[in-house]
Every structure is written in structure tokens, then in C-alpha cells.
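Notes follow the structure.
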Amino acid sequence: MSGKISFVSQIAKIKRRIVIQAIHRMLLNASLIFLSISTFLIILTKAGITDYYIMATWYFVPSGISLSAALLIGLVRKRNLLNVLIEIDGRLKLQDRLSTAYEYLKFKTQTEFSELLMNDAAAKLRQIDNQQLVPAGFSWLHMLVIILLIINIFLYSSIFSPLELTSTHPELRKIETAGKLLKDYTIRRIDNKAVRKPKPQSVYAAKLEQLSNQFNDSARSFEQHVAALDSFLKEVQGEQTRLANELGGRLDSAAIKELPSLKIPDATNLSHRQLEKLKEFLDQTLNNRMPDAISRNIESLMELDAIEKLLSQIVDDLKDGRSMIDDSNESAGNEEWMSQTTETLENSPDGPNKPNPDGQFSDDSRSAADRSDQPGSGKLQRDGHDLQDGMAHPEGYSDSAGSGPSNAENKSSYEPEKAPGAAIPDKMASSRAKSYLIHIRALTGIGEARLKEEEIFQTYRKEVESILQKEDIPMNYREYIKNYFISIGINTEENTHEFK
Amino acid sequence: MNLNEEVESIRKNFGLIANELAKIIVGQEILIRHLFICLLCDGHALIEGVPGLGKTLIVRSLSKILDLKYSRIQFTPDLMPADILGTNIVKEDGRGNRSFEFYKGPIFGQLILADEINRASPKTQSALLEAMQEGKVTVFGSQYDLEPPFMVLATQNPIEMEGTYPLPEAQIDRFFFKLKMNYPNQAELQKILEKTTEDYHYELNRVLGADAILKMKSLVKKVPVASHIKKFTTRLVLSSHPGNDHATDRIKEYILLGASPRGVQSLILAGKVSALLDGRYNVALEDIKDVAKPALRHRMALNIRGETEGVDVDELVDEILSNLEGS
């Protein structure tokens, strides 16, 4: 009887080990299937057949399939204990002691040899280590799992960047919308040019079109799109500066400088609308005999300004949206962004003179308008008379509304930190918002205007009057200048009278 | 004596027998082991070997060691069944009354040496059938029991074909084993020379009696055999049939008739004794493989092609073993 008890306890040990190994094998099979499916899906995703990995829960399906399949395989390939013992007998050269003893134990076959048989088998089992009885060796399946794991890691790390794996649908939608905007802009531009007069496409317009096409490439990541936009924006800004300097030089060298009543504005800071007004003004002043080079320069600047605004807005929205996206306000944010962007396009340079519902001409861009409409920004900006902003002023007056006289050193360039009102901080280093801050004066926080706008007008008016009284302006230009000031808001009878 | 001691006694007795035989027989350990297995399985053996290898000597020596009644029958072409079984003879008593009295033939022994069995006609060979299978002899309607343990050890010369009669299938199937005596190697030959040509004295001692043999025989059938061993054995025997799906190409090509059910019985019983001789209480696959050739080689009849090409049946048995799963 003791032989039987001993044998049963030894068999129980083997059973436990078999169960552990079965679980191990099941997990191994599951890993193998999971990694195979994963590899397959990555390849499919890379080939563009599916965008399976975009979903955050992509791993649930392969995991479920793997575990189910492994469980099924485990059940189908479940080994009988007797067969395991036969295998152990053969492997350890136990001459079928274990299998025979277990069979006689299991089926309770009565024979005089049963006790001896089990005792003998138990004695043999005691001499053998459990590890030897049911060894957990390194099989080719383990090797296969390792190989697949390496392949997966390689595919993840080299083919997909980590950011791509965390890309969300809203981000993709943003990329898509940005691409659409660029395309729409390009198409509209081409259409408008076709209606007006055929002109050769500029380098930057071509680049913009190219960028628009790049947005259709699904292989490029969100970050890559933003980086491309950023780079192009910087390039446009650089070209703007160059052209502005060139324009300034041309204006200086042309006969316009001889106009005594007008100081040459800093072309670098001129917005699209300001450029347009400048062009109109020069046309009127020079009786439509403005030099072609200056005209082309202004047109190029206008075009670049429009491109820059579009790019700035797209970059701002892409970058801001990325950090602010959450599930709750995702859809609302997108709608707002879309409407904003659409509005911007409607006010784009190809349709710059469309009146707003209030009958006035729209500002350069929505963001610019929003910022200039803030309290304390000054009437000129609020009313959209930006040309005046861009013009130089007599010495002793700062560019900041309401700041009063300033140092001569600070006159030429605006320094936000030295401005009386706190400038609205901008997050984007390369966006248009920063450069915009430089030439928007009196950009203070809400309710922080220091002086009333009438006082600012008084200053301007006195300056104009002093110029007029000095008779620096030829008589035949006085009418134009008067009309100009009337057009920018000094159109009351009183003002008109004063001018006279 | 408990069971464990009985099993141990079998090993011990076999060791004693082998040692005694080693006094006069050089080498042939496997043959001696198989002969002992035959004895405990209540079987008969056909020993095949060229003349001069000591076939007769082994049988005679064994009878002395086991203290069994020994009979030798020299099979010749003119040998009649009555010469083996015995016959009724007329006997006259003192008053002049005559009656038939059964005169027992040489078959009425315990260890029978049927020397050169293939020299007698099939009719005479068949006289052994009942004795070998039933342990009885029927003569003129009267049945006579043979004294147990009864064992026939037949010899035959594989070379001489002239004037011989191959054993009929029914006869040959009744032999538990067909044993082959191999030619001794040089060292063994040298020992043979020393023992036979020099002044070598030996005396064979009685090791066992009939009772001890019968007691050991009673133990054999109790040895456990696992089901997978039985399955293996049946597959082994079935694979010897040319019509079986598991038969190899060579079996299909050269075998006329596969092993009979007696072959399976022989394998299992022999496996049991083999296990006991190894001190085990169960039959292992190794035991079956160990006895496969002597148990099957005479039960697999070669066809004409096999005979003419001189196919060795032992090779075919090896082929079956190597092709079987679980081997």
C-alpha cells in the first residue's frame, strides 16, 4: 500500500508540472499567433491597405484571436497523462515502468504484481529530478517567437515613428482639412487669375501647391506636416522681408521720396490691406504712372502676405489643436476652426475688397482683426486704417497708442516688452502672430488702453496741420491728402473744416 | 516466499543454469537465455545451425541440469510416427492370454531432442503436433498425458537440402522460438579446443527440478503488460503480413504469409519472462524487441522470390521494428 501512496504522490507532482507546461505552451502559442498577426497588420498598414493601427484599441482583436486560438490548440493537443508517462519512460529509459504502473493504478487492475510494480516505479521516480521528468526546453517555437518579436520591434521602431502610433482621428482630420484649405486656396487663386489676367505662377504659389499635394500623402505623419508648414512659413517670411526692403529701397530711389508730405512707410510691417492702399495711393498720386518694378514688388508682397497669413493660421490651429484636443470638445473645436479658416479664406487677398456686413472693408486676417479690435488698441486699427499704422510718424511719438512721446532710439522698431500695455504672448515662434505683434501697435490686454483715442487723433491732426501750414505739400496734392484723411475717418464737418 | 523473492529466484536460477552450461558450452549466451524463456513459457524451440556447433550437447546438458527426463529422437527419412509416439504391442501373460499393451515412444519424456527434424517425412513430423500443442498423445484411440514440464527441442541443418523435408507451416508454427546457433568467434573456438581436446573434466550439477520449473512457469502469466505494449505487439505482428497497410515494401515483396496469432502470444509471454529475468515487474518495449526475431522469424514464410533471392527474415523483422511508431 505504501508503494501505491508513494507512486500516487509522485504522479501528482508530474501532473502539476504538466499543467504548468500546458499553460506555458498555450501562452507561447498565443504569443506566436499575436506576433504573427501583428506583423501582418503592420505590413498591411504600411502597404496602405488598412489603417488598423490608428485605432487606439487595435491590439484587442489580435489578442483575442491569439488567446482563443491558443486555447483551442491547447484543448485539441491536450496530452493524456498516460501518453506523457510513456514518453517519459522512453526518454529516460525507464522500460515502461511508469506507464504500466499508472495504467494499473488508473484502471485498478488487480494483479499480484501491482504493489511491486508501483513501488518499483515510485522508487525510480524518486531518483529522477522533476526537471528531467517534464523538461521545459527551449524549442523552435521559442526561437520563432523571439524572431517575430524582433521583427515587430524593428517594424515599430524603424517604419513607424512613435508619434504616428499615437495619432488620433482629430489630428488626421486636421491634416486633411489643412490640406484641403491649401488646395482650395490654390484652386481659387488659379480661378481668379484666369478671370482677371493671366500671370505666371510665382515660385511660392507653386510651392504652396506642392505642399497642398503633400497633405494627401497618408504616409507622412502629423509632425511632418507641421514641420513642412513651419519651414515654408519661415521661407515666406524671409522672402517678405527681402521684398519689403527692396520696396523700401525703390521707393526711396524713386521720385516718390520727393513728395514732401509723405514719409516712406516701413514696408516690412505693411499688411496686405496696407500694401493695397499704398498701391492705390501711389497710383493716384503718380497719376497711374507708378514704376512697374514697384508695382510688381507690391503685388508680390501682397501675395506673400496672403500665403503667410494662410500658413500662419494653419500652423497655429494645427499646433494649438494638438495640445488642446480632448474628447469632449473635439467636434466643437473642429467646427470652430473650420469656420475660422473658411472666413479667413473668404477675406483672402484674392478677394480683399469684399465688404463686411457692416459695410466696411475687412481687415487683413481674422486674427489680426480680433487682436486690433481689443479695447485699447486704438481707433485707427479698429477701423481698419492700417496704412496709417505702417507710416512713420514725427519724432517724439511712439508707435504705441497712448504711450506718449518715446525715445528716438525706440522709434524705428517696436519692442513689446517696452510697450506700456502688456502684449498678448504668442506661443508660436515661427507663426505670423509673432511678426504681427511687432508691427501692431497699442497691442495691449483687454481694457488696458492708457489714452483715449481722441487724444491720439488730436496728435495726428496737429501734425498734419503743421505739415500743411508749412506748405511742404504742393497745392495739387493737398486735395489727395485731405481725401485720404477723410477716408480714414476724419470725415466730420468739423474735421474737414479744421483741415481747411 | 513472497512474490518479490520468487521473481528474484527466477533470475538466480537462470544464472545458475547459465553458469552450469558454461562449463561445456562456449558462448551462445543469447541462445541459452532464449531456451530458458521457452522453458518457462511452456514452449518448444527449433534450433537451427550448421553441424558441429553443439546443438545436441546443449539439449543434453540442459536435461541434466534441470533434472528432466531426456529423450532423443533422431529423425530419419524412414522414421515412422509410431517410432515417436509408441505403439500397441501384443503381450502374452503367464497363462497364455494375449493382449495389447501400449509401448511408450520417446515422446514420453520431459525434454525431447528431435534431432535433425527435417530429415523425417512430414507424416512423421506431424506426429509431434498433438504432443507439442496439447501435451497429450493419442494412439489407437487412447489418450496419454505427457509429463510436465514437456519441451521439444528440435534441431535442423539449414544447409543440407537433399533428403530433407521442410517443416509444414502447421508444425513450424507450434515452435515457440526458432533459435539460431551462430558460428563461434576465434576466442570461443579456442576455448572449445581447450575443453574438448585437452584433459578437461567437468561435471554438470542439477540446478532445478521439474517442480521448481513449474512454479516459475506459474508466475509468468501474472506479469503486468501495459496496453500500449500490447498494441505495439499486435501492430508488429500485423505488419508482418504482406496485405497489411502498415507492411513495408519489402514485406509485401518477399513475404508469403505473416505471423499467426501464436506469434503475438509468443511475443508477450516471452516478453514477460524477459522482464522477470531483468528483475522487472512489467513488460517493456525492449523485451518485445528482444524476442521479436526468435518469435517471428519462423512464422514469416518467404515467397518464391524471397527464397530464391535468399532474403533474411531477420532483416525484415528489424525493418518492421524500425518502422513501427513507439519503437
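The values are calculated or read from the model by the stated rules, or taken from the named source; none is laboratory data. In this text, all values refer to a predicted model and were calculated from it rather than measured experimentally. Neighbour counts are summed over all protein chains in view; Cβ atoms, including those assigned to glycine, are modelled from backbone coordinates with ideal geometry. Side chains are part of the model used for accessible areas, which takes the heavy atoms of the whole protein and leaves out ligands, DNA and RNA. Shrake-Rupley method; radii C 1.70, N 1.55, O 1.52, S 1.80 Å.
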Check your understanding: Can you give the accessible area of B:Lys178, probe radius 1.4 Å, in Å² rounded to 10?
Key -> 30
Point to revise | With all protein chains modelled, accessible area of B:Tyr281 [1.4 Å, Å²] | key: 20
Point to revise | Percent RCO, i.e. relative contact order, over chain B, from Cα pairs under 8 Å lying at least 6 residues apart | key: 21
Check your understanding: Arranged from highest to lowest average of other beta-carbon atoms within 10 Å per residue, in what order do the peptides B:210-219, B:35-44 appear?
Key -> B:35-44, B:210-219
Point to revise | Along chain B, longest interval not containing exposed GluC sites (Glu not before Pro), exposed being DSSP loop plus at most 15 other Cβ atoms within 10 Å | key: B:1-159
Point to revise | Only Lys, Arg (+1) and Asp, Glu (-1) charged, at Cβ; region B:182-312 dipole about Cα centre in debye | key: 880
Check your understanding: Once the whole set of protein chains is in place, how much accessible area is left on B:Phe140, using a 1.4 Å probe, in Å² to the nearest 10?
Key -> 150
Review point. Which value, in square angstrom to the nearest 100, describes the accessible area buried between chains B and A on both sides, using a 1.4 angstrom probe?
Key: 1600
Practice item. Arrange the residues A:Leu71, A:Leu41, B:Leu256 by how much accessible surface each exposes, largest first, with a 1.4 angstrom probe. Key: B:Leu256, A:Leu71, A:Leu41
Review point. Relative contact order (percent) for region A:9-158, with alpha-carbon contacts under 8 angstrom and 6 or more residues of separation?
Key: 34
Check your understanding: Using a 1.4 angstrom probe with every protein chain in place, what is the largest-first accessible-area order of B:Arg60, B:Arg174?
Key -> B:Arg60, B:Arg174
Revision key, fill the gap. In a Gaussian network model of chain B with springs linking alpha carbons closer than 10 Å, the residue among B:Ile47, B:Ile229, B:Ile304 that fluctuates most is B:Ile304
Exercise for review: Assign unit charges at the C-beta atoms only (+1 for Lys and Arg, -1 for Asp and Glu), then state the dipole size of chain B relative to its Cα centre in Debye, rounded to the nearest 20.
Suggested key: 820
Practice item. Just tell me how shielded B:283-295 is by partners: mean number of partner chain Cβ atoms within 10 Å of each residue's Cβ, no decimals. Key: 2
Point to revise | Shielding score for B:3-11, defined as the mean number of other chain Cβ atoms within 10 Å | key: 1
Review point. Quick one: how many lysine pairs in region B:217-304 have C-alpha atoms under 28 angstrom apart, if they're 8 or more apart or on different chains?
Key: 27
Practice item. Just tell me how shielded A:108-118 is by partners: mean number of partner chain Cβ atoms within 10 Å of each residue's Cβ, no decimals. Key: 4
Point to revise | DSSP-assigned coil residues among trypsin sites (Lys or Arg not before Pro) in region A:58-165, each with at most 16 further Cβ atoms within 10 Å | key: A:Arg77, A:Lys78, A:Arg79, A:Lys93, A:Lys108
Practice item. Whenever you get a sec, line up B:His298, B:His228 from highest to lowest accessible area (probe 1.4 Å, protein heavy atoms). Key: B:His228, B:His298
